[in-house]
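The next block holds one structure in the form of structure tokens; read it before the comments.
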Amino acid sequence: MIWICATCGVETDDLPQPPGECDICEDERQWVPEQGQRWTTVEELREAGTRITVDQVEADLWGLRADPAVGIGQQTMVVRVPEGVLLFDCVGYVDDAAVELVRSWGTPLAVAASHPHMYGVQTEWARALGDVPVLVATPDAEWVRRRDPLVELYDEHHAVAPGLTLHRVGGHFRGQAVVEWTAGAEGRGVLLAGDAVFPNPDRRSVSFMRSYPNRIPLSGNVVQRIAGQLEGLRFDRLYNNFGAVVPSDAKAVLRRSADRHAAWTRGDFDHLT
Ligand SMILES: [Zn+2]
């Protein structure tokens, strides 16, 4: 049986009984519910009436969510390029209707995740889509809980198709990755940032954290490293993994936010506290 952690939505190996604990939730970046570890399965979720909902985010980009939400409740981004479609940050549930819909948009090329909290049932998706590769950044290989021949490791960059590239940026996780989609935003370029860069409610700044739920910061040096790397990519719009967006001028927003983060963590504003 493939088990799914009810808190993070990540799948396990095929096991007769669920593991005692979820390693991803036991880590300092996540959390275990007060009532203790709980597991579910795709079958149990299906019987409970779970389904996949779809939103068109922009031309050639769709968002899939599980309803009711499974685990962290991310939005899977499905990006289409002429060669086919990439699924980024798979949710913790899959059904035939959703697979058929994705196939109607284009040839499935691969599934990938921004980081281990977003693995969901990525291997289940990859199998359902015709045994496409599950792309995992090498430094995060230790977090893959469903070891499968479809898993393919990459180190720093991986071109899924022309104009559609995974880049490892680190930070939140050592293997934290983003997708650069150069044809997005009417050709100005889109960055699918996962949890590397988190758009804030003020819509004019972003944040960078080692843990969002447990509020563990990153250093100014790491944030400047991430911003510097992302400045070399082609994008004007940025989405995270929950549907939050910086609709335009995202590079300038990123630069200002990284400088602010570095200044606060350096102590430049200690006199304001
Ligand atoms: Zn978990």
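The values are calculated or read from the model by the stated rules, or taken from the named source; none is laboratory data. For clarity, every value in this text was computed on a predicted model and none was experimentally measured. In this analysis, Cβ positions are derived from the backbone assuming ideal geometry, glycine residues included, and neighbour counts consider all displayed protein chains. We work out accessible area using only protein heavy atoms, side chains counted, and drop any ligands, DNA or RNA first. Shrake-Rupley method; radii C 1.70, N 1.55, O 1.52, S 1.80 Å.
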Report the dimensions of the stretch 138-184 along its three principal axes from the alpha-carbon atoms, largest first, rounded to Å. 33, 26, 15
Quickly work out the ASP155-to-ARG174 label distance, labels modelled 7 Å from Cα along the C-beta direction, and quote it in nm with one decimal. 1.5
Rg (one decimal) and Dmax (whole number) from the Cα set of the stretch 10-127, in Å, equal 14.7, 47
Considering the chain, what Rg and Dmax in Å follow from its alpha-carbon atoms? 18.1, 58
Return the single residue from ALA126, ALA227, ALA244 with maximal mean-square fluctuation; model: Gaussian network over the chain, springs between Cα atoms under 10 Å. ALA244
Mind giving me the nanometre distance, one decimal, between the label points for SER219 and GLU142, set 7 Å out from Cα along Cα→Cβ? 1.9
Antiparallel DSSP beta bridges within the chain, percent to nearest 5: 75
Largest first, please: the extent of the C-alpha atoms of the stretch 61-141 along each principal axis, to the nearest Å. 31, 29, 21
Principal axis dimensions, the stretch 1-58 - Cα atoms, whole angstrom, descending: 38, 28, 22
Return the whole-Å distance between the Cα centroid of the stretch 192-271 and the Cα centroid of the stretch 110-162. 25
Apportionment of accessible area to carbon and sulfur, the chain, percent (1.4 Å): 49
Please go through the stretch 48-101 and write out the GluC sites (Glu not before Pro) that DSSP classes as loop and that have at most 14 other C-beta atoms within 10 Å. GLU83
For the stretch 49-103, what log10 I(q)/I(0) values come out of the Debye formula at q = 0.16 1/Å, with one point per alpha carbon and no solvent? -0.43
Cα shape, the stretch 46-203, gyration tensor, a/c 1.5 rule: rounded
Whole number in Å², please: accessible area per residue of the chain, 1.4 Å probe, ligands, DNA and RNA not counted. 43
